[in-house]
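Worksheet: the structure to be examined is printed underneath.
The values are calculated or read from the model by the stated rules, or taken from the named source; none is laboratory data. Being a predicted model, the structure only gives us computed values, none of them experimental. Here the Cβ positions follow ideal geometry from the backbone for every residue, glycine too, while neighbour counts run over all protein chains shown.
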Amino acid sequence: MVPRIHLITLGVADVEASAAFYERLGFVRSAQSVAGAVAFFQVGPLVLSVFGRAALAEDAGLTAAAGRPDAPRPTDGSPDGTKPDGDRPAGQGAISPESPAGPESPASPVSTASAESPAGTGGQSAFSAVTIACNVASPAEVEAVMARAAGAGARVTRPPGKAFWGGYTAYFADPDGHLWEVAHNPFWSFDETGAVRLPD
């Protein structure tokens, strides 16, 4: 595989609402878009698209509810196939008297978002473990981009501030919960096309 990325597709609940959000951020919708079905945006050498979440899962050969191949259907009436806390053994998602409650505990319940209930539309606490980043030239530009994102309807999850690694960063979630980082990294540079170049 040639190490290149050409297209990033975000699964969304409402294609038109999501496309309008990105247009408010300054993205320009391509004429190749299909109203209500898919929207494309040229972002430098890459293309960003928004596509119906369930349709994207089907296109990838995944079950829409569980988001993975051949996911078993729940057999006990619960959303994820696990028993209610009262019937679930300690160490398998229940909070027992012997185990601490909290997100760091392996015995704590984990919130997940299904394709029908994506983060940002009823599952805002879920974390997909994927972020998209936009690097900018200065801390002031981080703050300006974040202000525009908030004005466009984004949810700020981390306000602008200094990062432990020496840069300046912030995060927002789009209406479907997809996380974007806006960062100034003083250790990276841009080439003449605006692309980030990693140091040798």
Six or more apart or on different chains, Cβ atoms under 8 Å: show the pairs whose first residue is in the stretch 16-35 and polar (S, T, N, Q) and whose second is surrounded by fewer than 16 Cβ atoms within 10 Å (Cβ to Cβ).
Ser30/Gln42
Listed by first then second residue, the pairs whose first member lies in the stretch 128-150 and is assigned to a loop (DSSP other than H, G, I, E, B), whose partner is not charged (D, E, K, R), with beta carbons under 6 Å and at least 6 positions apart or on separate chains, are Val136/Val142; Val136/His184; Ser138/His184
What number of residues in the stretch 149-184 are crowded, with 17+ Cβ neighbours inside 10 Å and on the phi < 0 side of the Ramachandran plot?
20
Suppose we keep only residues that are touching a Ser or Thr at 6+ places or on another chain (Cβ under 9 Å), part of a strand (DSSP E or B) and touching a residue at least 24 places away in the same chain (Cβ under 8 Å) within the stretch 36-58. Which one would you say is nearest to Thr193 (Cα to Cα)?
Val47
Report yes if some residue within the stretch 62-83 is modelled with pLDDT under 95, of a type in the set (Gly, Ala, Ser) and closer than 25 Å to Cys134 by Cα; otherwise report no.
no
Taking the conditions exactly as written (closer than 24 Å to Ala195 by Cα, of a type in the set (D, E, K, R) and at pLDDT below 95), does Arg88 satisfy them or not?
no
Would you confirm, using the coordinates I've provided, whether Pro175 is at pLDDT below 95, assigned to a loop (DSSP other than H, G, I, E, B) and touching a helix residue (DSSP H, G or I) at 6+ places or on another chain (Cβ under 9 Å)?
no
Sole residue being modelled with pLDDT of 95 or more and closer than 22 Å to Ala154 by Cβ, chosen from Ala19, Ala35, Ala31
Ala19
